[in-house]
Structures are given as C-alpha cells and as structure tokens.
Amino acid sequence: MALPNTNTAHAPLTSVQRVRIWYGFLLLIIAIFVVRLFYVQVIRYDHYKHAALSDQLKQYEIPASRGIISAQEGGQAVPIVLNIQLYTLYADPTFIKNPDTVAVKIAGIIGGKAQTYSDLLKMKKLRYVILAKKITAEQQAKILALKYPGVGAQAQNYRTYPQGALAAQELGFVSDSGKGEYGVEQALNKQLAGTPGELKAITDISGVPLAASRDNTETPATNGTDINLTLDLSMQQQLENILKAAAQKTKTQHASALIMDVNTGAIKAMANFPTYDPSKYYDVSDGSVFQNGAVSDPIEPGSIMKSLTTAAGLDMGAFSPGVTYYDPAKWVVDGFTIKNIEEDGGAGTKSLYDLLNLSLNTGATWELMQMGGGEINTKARNTWYDYLTNHFMFGKETGVEQGYESPGVVTGPKDTGSAINLTYAETSFGQAIQTTPIQMAGALSAVLNGGTYYQPRLVDSYTDANGKTTMVAPKALRTNDFKPSTGEALIPMLQYSIQHHNPQPAFDQNRYTVGGKTGTAQLAVNGIYSATEFNGTYLGFVGGEKPQYVICVYMQKPKVDYYAGTAAAQPVFVSLAHMLIDSSFVTPKH
Amino acid sequence: MNGRSPVRASRARFNGRSQNTVSFRTQTRAFGPVSNTIILIVLACLLGLLYLTQVTKANAYGYQINDLKDHKSALKLENENLKVAAARLQSLDRVQNSAQAKALVATTPSDTVAN
C-alpha cells in the first residue's frame, strides 16, 4: 500500500501566495527605508542639518553706509565729506603664468611701475598679494576684462573730500579699518558709522540667496547719521588762507585760530597750521599734524588772560570799571619779582584801560590782590580758582565734538608750599596756566553775551537714516555766569586796547564794535621761562551794536622782532575781523 | 387529481419568487492593496512635483529679486558718484580758480576803515 504524499515543497504556489510573498518583501523594504529615514532624519537630525547648512547657509554682513558731513554755505548745507566706492586690486601669484606681461598690462591701466607689480606677481609662495589700492571702477573693469586667472578686485568704501584739505583737522579721517580718527570722525564715530545689517541665507553654488528657504533671515543695515556742521565754508576758507599766510610770514611752528558765535557757542571757522590732506592721511609722517590744536593743544595763553582777570574782578565787585590804582611797576611775591615790559614805563596811577592797553603784569596782580581784599591770600586764590574753573570753565573739556580734546591745566588753590601765591599771580596774567583757544573763546563769549556760557559746538544738526533732521540747540552750561554789566564794562576797554595797537587797516568803531587784547607768553624751557622763545596770542571780538564773534589766535614760537602777540597774532585777528566785516558776516550799527 | 390546476401551481411557484427567496448580489469594484499603494505613491509624486514647481518658481523670483537688488545698488552707487562729482565741481578751490573768479576786480573796502 502506498504512503500518502506529504512532501509539499514542490507544490506550485498559488498566485495569491506569490502576491503575498512580494507584498511582504515590499513591506520589508519599506520598513528598512522607514527605519533608516527615522535614524537619519530624527535621531541624527542635528548632525545632518548642521552638515548641510555648513555648505549651503551663507552669512553676509550688510555694510552700513557711513554718514556724510556737511558745512554751511550761504545758508545751505554743502557736503564736505562723502563716501566713494573704490577697489583693491589683488592677485594669487600661483595662477599667474606670465607675470611680466600681466604687470605691464596692469601698469598701463592704473599707472605705477610695471616692475613693482611684476615682483609681487612672482611671489609664488604667497596666495594673496595686494597690487594696488583705491583704483576706480573704470580701472577695475578694464583689468577684470583682461580675464587674467588669479587677478581680482575687492570693493571698499572710502571717504572723499570735495573741498580738499579744508577743515582737515576738524573733520579727521577714517582709517582702513573703518574707524573714525581725530576730529568729528572720531568724536561722533558711533553716530556716523551706523549699524551693519546681516543676511543669513541658503544660497546656490554661486552664492545667490535662494528665496524659498525658510531659514533665510535678513536684518537690514541702519545707515550712519548725516552731520551738518556749524562751520561756514567761506569763512573757514578765508581763515585758513589768512592763518597760513601769517604763519609762513612769521615762521610760526604751529598756529591755531577760531571764530565763535558769541551768542550760541557755534564755531563758525577753526583752523590750524600746518595741516594735511585727509584723503592722503597715510602720507603724513608727523602724527601731531592730525591734532586739532585749537582744542587739543593747551599752552600758557599769556596776557590775553588779563581780559578775563579784569572781567572776574568786575563781576565779583572787587573793583569798579572806573577805578584807578597806584601801580608800583613791580611786586615781590613769594620772593620773586613780578614786573612789566620796559615800554610800559614806571610806577604811577593807572586805570583798567591802561592795565589792558599796556598789558601790565603788575596790574593783573593787583586785580588778584583785590579779590583777596588787598593781598594774594587764600581768599584771593579760592575766588580766582572758582572763576577760572566754574565761570570760565578752564581745566575741563568743553565737550566740543572733537577727538582728543584737552582740558588744559589749572593749578589748585591749596598752598602746598611751592610758591602758590606766585603761581596764582602768574595765572592772573596768563602764565602758569594752560588753556586751549576754544576754552578762551568760550570764556570771553560768556562775558560778552550777558553772562551765559554756551557749550562750544561744531554740530548744527543731525539727519538720521530715515531722513529725520534734529537741530542742535545752543546748550547753556551756565546762565547768569556773569553780570551783563561786566561785559558792558569790558567791551570799551578792549576797544580802547586795539585802537591803541595800530591795527592795519583801522576799524571804524562808529559802525562796528571791535576789541581785543594781545598776549605774549614766555615759553618754559626746562622749567625756566625763556627770554628768547615766546608764543603770541590774541583774544578779541567783532560785531555791530554788540559783539557777534569772538576770535582767538595762538601763534607758537613765531620768529618776529617785536612782541609775538602784537607782531604775529594781532595781524591775524585784524585780518579776520576785516574779513568778517567785508564779507557781510557782521551787521553794522544802525 | 389533487384539486390544483397546473396554472395555479405555476403561479404559486412565481409567488414564491416574488417573496425574495433569491437575493441579487450588488456587484462592487474595490482596489486591491497594490493598487492603493501605487495610487498613494502617484499622489505623493504629484504633490512632490507641485512642491518642486512652487519652490523652483519661488527661487526664480529670488534670482529676479537679487538682480533688482544689484541694479538698485548700482544706481545708488552711481547716485553717490554723481553727488561727489557735483560737490567737487562746486568746491571753493575750483570756484576760486575759475575764469570768472579770476576776472573779478579787487576793491579796497572803505567801509571798515576809520575816517
């Protein structure tokens, strides 16, 4: 009997069974994919996202355009500092096959010596050499059109100065790193620079952002604030011309001058000699020329201080405008003799007019004595120190929008056993104290305008990136700083002084109010006042019914045969005062 | 004879039919699992294609935007260059050295000189 056939291995599969097997196989494949995708997309999500973005996600800085700087001209704002895009030409020498040929072509387009470029292009060990900076867009386009492998150009923004070197030290410059240096550029760097924006984007292979990416973020740049200065261009130009001519004529080492609006503290013109071209600041070998000496170079002002000593004494009531006193022609203070120049004559009865006109050191010392009740004592020193620092604002920065402003030097009134009375006697006629021209101008303005000390300023208005303009109002740091009668008494004394100093040409005091005082300060050499080296200074005003402008002039070490204040500084003041009158900056008396 | 005529017997038979003793099955067509999978895959592909179309279109607009931005930058640059050129043309030095300025005749101001 045959056994039943139990072997089913070779039994043909039905179609349903075959489909089920393939179906199961498909599910297995799908399951493998799902598991793998789960691993890649969920478990290793961060790793792969980072790896992908590192190739595709680009981060760009959107540079902010630096604010432009303008000045006044005929009531309009005229740009004097603008931005321009220039190019840095670079090369990768390893790509350059014929350095000499390339160098000749480049030299033919941008100038310079072909040999210099050739030497750079032959530096095969370097991958990046700078061939030239500040080439124009046209030059860059011509060079790139040559399609030399390894030669490229990088755009960079630079400052440009349509007025050339005008007001260079007041403006400052912008370094290659984009930072403002000196002048307004340094003092207001934050406002001028603006805030760069940022673009994070998935890009294609050529770096163009793909719009469809959700990861793209763009923070727009905020452009820098435009600044409109108080400087008057034509006044500035004439001041620079006058100062340069005078400095060259008198062989002055360093000269500074400024014109300030008496009633607002606005600086209308300010200049120094020597100066420089801010577009070529890198060519300057003596870094001190970057400084705006009118705000950062304090010196002993000399006898122009007597105007302020007189004003202080009048203001506190130590003496009256019509006072006369006996001047002994010398005082002995702390064992040292204070005397006058020979031309002033000997002892005698003097008025405040004589004191200022003859520039009596003994007269200024007498004024200090009156502040102490008849002698130089603690009261005199404290009172005078209070006027110097709290009324005239010496010994502290004025806050004018300039880099590296100096506070100057004022010795405290405390007696430390080092001839403090002599020191204070000297400060009354402008020695043993250091001030800047801007401090002197600010102080005299406060006396002349009726008693308000306005903070000296160079900024007239700000215009932000949205076009909103904010005017800068005159800032009164001290009101009732002086009695109005103080200025009224001082004005005729200073008019008297200039009339007796033979200004050429003379001023018509019937139509204009012009006054001032010379200063000749001995220079301290190794701690001893020199008998041969002097600084010449001048502090004066010009106006119609009332003083409109204060002018301060510092001339350091001029080579003149007469007193430096009279021979070197006064002519500058006289020229500037006439310039203001002739150019109709001054409204004459009715 | 049982008393029933052949006609009546036939009617009785048909009466039974009208009593739904026989059910008629409704014929429905259903997709099988393979068909469903294929349909789902096709739909997913269509959706993917739609997505790709939209992304491509968006990116094409992105390129246009980029071109327009470049154009805007170029115009802005040109504007700044023109401002610089205008400012240079109006500079004091240039005006001072112009032919018109050189043709001016200097006069001595008498107003400021004391009589």
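Only the coordinates and a few stated rules stand behind these numbers; no lab work does. Predicted, not measured: the structure shown is a model, and the values here were computed from it. All Cβ positions, glycine included, derive from the backbone under ideal geometry; neighbour counts span all protein chains shown.
Here the simple spin-label model places points 7 Å from the Cα toward Cβ, and for A:Ser175 and A:Leu126 these points are separated by 2.2 nm. Cα centroid separation, segment A:305-363 to segment A:82-124: 70 Å.
Let me confirm one metric for peptide B:76-82, namely the mean number of other chain beta-carbon atoms within 10 Å of its residues' beta-carbons. Could the numbers behind the result be given before it?
Working: counts 2, 5, 1, 0, 8, 7, 0.
For peptide B:76-82, the averaged partner shielding equals 3.
Hey, what number do you get for the protein assembly as shown at 222 nm if only DSSP H runs of n ≥ 4 count, each worth -39500 (n - 2.57), divided across all residues, to the nearest 500?
Dividing the helical sum by the residues of the protein assembly as shown leaves -12000 deg cm²/dmol.
Summary of packing: across the peptides A:434-446, A:132-144, A:388-400, the per-residue average of other C-beta atoms within 10 Å ranks them, highest first, as A:434-446, A:388-400, A:132-144. Less than 5 angstrom separates the built amide H of A:Thr587 from those of A:Gly544, all sequence-distant by 5 or more or on a different chain.
Take the alpha carbon gyration tensor of segment A:442-524, find the square roots of its eigenvalues, order them as a ≥ b ≥ c, and report rounded if a/c is under 1.5; if not, report prolate when a/b exceeds b/c, else oblate. It would help to have the intermediate numbers written out before the result.
Values: a/c = 2.11, a/b = 1.93, b/c = 1.09.
Prolate is the answer for segment A:442-524, as a/c is 1.5 or above and a/b outweighs b/c.
Using 0.36 nm times the number of residues separating A:Glu342 and A:Ser288, minus their current alpha carbon distance, what extension gain do you get? Write down the numbers at each step before the final one.
Values: separation 54, 0.36 × 54 = 19.44 nm, distance 3.68 nm.
Here the segment from A:Glu342 to A:Ser288 would lengthen by 15.8 nm.
For the residues of A:317-324, the average number of beta carbons from a partner chain within 10 Å of their own beta carbon is 0.
Between the helical axis of A:233-249 and the longest alpha-carbon principal axis of chain A there is an angle of about 60 degrees. Once the C-beta distance of B:Phe31 and A:Thr14 is scaled by a Förster radius of 22 Å, the resulting FRET efficiency is 0.55 to the nearest 0.05. Working from Cα positions, state the angle (0 to 90°, nearest 10) between the long axis of helix A:361-371 and the longest principal axis of chain A. For helix A:361-371, the angle is close to 80 degrees. Computed from Cα atoms, the angle from the helix A:45-56 axis to the main principal axis of chain A rounds to 70 degrees. Based on C-alpha pairs under 8 angstrom that are at least 6 apart in sequence, chain A has a relative contact order of 14 percent.
If you take every DSSP beta bridge whose two residues both sit in the protein assembly as shown, what share of them, in percent to the nearest 5, is antiparallel? Of the beta bridges lying entirely in the protein assembly as shown, close to 95 percent run antiparallel. Structure note, pairs A:Lys97/A:Lys125; A:Lys249/A:Lys280; A:Lys249/A:Lys559: Cα-Cα distances above 19 angstrom occur for A:Lys249/A:Lys280.
Between A:Asn216 and A:Thr378, what length in nm is gained on full extension when 0.36 nm per residue of separation is reduced by their alpha carbon distance?
Values: separation 162, 0.36 × 162 = 58.32 nm, distance 7.18 nm.
Once the chain is fully extended between A:Asn216 and A:Thr378, it gains 51.1 nm.
Rounded to the nearest 20 Debye, what is the dipole magnitude of segment A:356-473 about its Cα centre when Lys and Arg each give +1 and Asp and Glu each give -1 at the C-beta? Please report the intermediate quantities before stating the final value.
Working: 6 positive and 10 negative charges, 27 e Å.
For this selection, approximately 120 debye.
Quick one: grab the alpha carbon gyration tensor of the protein assembly as shown, order the square roots of its eigenvalues as a ≥ b ≥ c, and give me rounded if a/c is under 1.5, else prolate or oblate depending on whether a/b is larger than b/c. The shape class here is prolate.
Given +1 at the Cβ of Lys and Arg, -1 at the Cβ of Asp and Glu and no other charges, the dipole of segment A:366-426 around its Cα centre is 220 debye to the nearest 20.
Averaged over the residues of peptide B:84-94, the number of Cβ atoms from other protein chains lying within 10 Å of each residue's Cβ is 6.
Suppose R0 equals 41 Å. What FRET efficiency, 1/(1 + (r/R0)^6) with r the Cβ-Cβ distance, do A:Thr195 and B:Ile38 give to the nearest 0.05?
Values: r = 57 Å, r/R0 = 1.39.
It comes to 0.10.
With the cut-off at 29 Å, tell me which of the pairs A:Lys468/B:Lys72; A:Lys179/B:Lys102; A:Lys190/B:Lys69; A:Lys190/A:Lys268; A:Lys49/B:Lys76; A:Lys113/B:Lys102 have Cα atoms farther apart than that. Distance filter (> 29 Å) returns A:Lys179/B:Lys102; A:Lys49/B:Lys76; A:Lys113/B:Lys102.
Shape of segment A:347-400 from the C-alpha gyration tensor: oblate (a/c of 1.5 or more and a/b not above b/c, with a ≥ b ≥ c the square roots of its eigenvalues).
If the only charges are +1 at each Lys and Arg Cβ and -1 at each Asp and Glu Cβ, what is the size of the charge dipole of segment A:177-300 around the Cα centre, to the nearest 20 debye? Before the final figure, lay out the partial values.
Details: 9 positive and 15 negative charges, 43 e Å.
Value, rounded to 20: 200 debye.
Taking label positions 7 Å along the Cα-Cβ direction at both A:Ala51 and A:Lys97, the computed distance is 3.9 nm, reported to one decimal.
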